[in-house]
Amino acid sequence: MSDKLKDILSHLSSEVDQETLLKYLEGRLSDEQRHEVEKKMMTTDFTDDAMDGLQEIKNKEKYLHL
Amino acid sequence: MLTDDNQWLGILLERYTLLLLGVCMKYLKNEELARDSVQQIFLKAITELQKYRVEYFKSWIYMVAKNHCLMQLRDKPGKNTIEVKDSIAAETDETDKESLLLNEKTYEYMGEALKELNADQQLCVTLFYMEKKSYQQIAEQTGYSMMQVKSHIQNGKRNMRILIEKK
């Protein structure tokens, strides 16, 4: 219980690599893995803003062609 | 113009492509504009990094990206009301708050704080942190949209932190 509670306050960010983020966006992760990505991405303003923006992109295949 | 330094920079920047795209999309709300902006931010970063020494690359590139977006918005009339938070200050500030984690009492307060949240926030925070569900699962279960779920969790977290700091 207290371990999980600790996550709520934590700002210690561990990075999500781009490969994993891409899989997340393409819906190729399990629910458990999705949760982990979401939790990590929430820990800094940078990644949090990025998550907001990335959800709004309609044409997902284009991620690969940047 | 492609020096060794530039090549390393290119590799470094590439790791941030998706994050930068996300940030630009959040502020500009336009895919094409966001994609162009990522390229412009890369160019700007390469130029600036040749002139200055940057200590915290991640915070710095985020600031460059946000400033770039805000400039774009400023050029368009009627869209200049977005407020920029000072991200670097915010992130160093957080290290103080980490010390809260060392305090055993904090856990007790957190349990109490969780109960004080409004129903939406309490539900979303519990499903996310305690039951380790994804936004999608929570959205399906509660009927909220993914963005609503995300913001209930964010606001819930923020309120809990405020409640704990008061105790």
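Quick notes on this structure:
- Annotation: B:V38 fulfils all but one of (1) within 23 Å of A:V37 (Cα to Cα); (2) away from chain A (no Cβ under 11 Å); the unmet one is (2).
- Within the range A:14-43, considering residues that are open to solvent by less than 30 Å² (accessible area, probe 1.4 Å) and of a type in the set (D, E, K, R), the one farthest from the other protein chains (Cβ to nearest Cβ): A:E38
- Residue check for B:K58: surrounded by 13 or more Cβ atoms within 10 Å (Cβ to Cβ) and touching a Gly at 6+ places or on another chain (Cβ under 6 Å): no
- Criterion applied to A:K58, A:K4, A:K62 was being modelled with pLDDT under 90, within 25 Å of B:L70 (Cβ to Cβ), open to solvent by 20 Å² or more (accessible area, probe 1.4 Å) and outside any loop (DSSP other than H, G, I, E, B), and the one residue passing it is A:K62.
- Per-region count, the range B:13-51, residues among the acidic types (D, E) and surrounded by 13 or more Cβ atoms within 10 Å (Cβ to Cβ): 3
- Test result for B:G10, open to solvent by less than 40 Å² (accessible area, probe 1.4 Å) and modelled with pLDDT of 95 or more: no
- Within the range B:122-150, being modelled with pLDDT of 95 or more, open to solvent by 20 Å² or more (accessible area, probe 1.4 Å) and assigned to a helix (DSSP H, G or I) holds for B:Q122, B:L123, B:T126, B:Q136, B:Q137, B:E140, B:Q141, B:T142, B:Q148.
- Per-region count, the range B:109-121, residues in a helix (DSSP H, G or I) and loosely packed, with under 14 Cβ neighbours inside 10 Å: 5
- Enumeration of residues in the range B:5-20 that are within 7 Å of another protein chain (Cβ to nearest Cβ) and in contact with a Phe, Trp or Tyr (Cβ under 9 Å, 6 or more places away or on another chain): B:T17, B:L18, B:L19
The values are calculated or read from the model by the stated rules, or taken from the named source; none is laboratory data. This structure is a prediction, so every number in the text was calculated from the model and none was measured. FYI the Cβ positions are ideal-geometry reconstructions off the backbone, even for glycines, and counts take in every protein chain you see. Heads up: the accessible areas ignore ligands, DNA and RNA and are worked out on the full protein's heavy atoms, side chains in. Shrake-Rupley method; radii C 1.70, N 1.55, O 1.52, S 1.80 Å.
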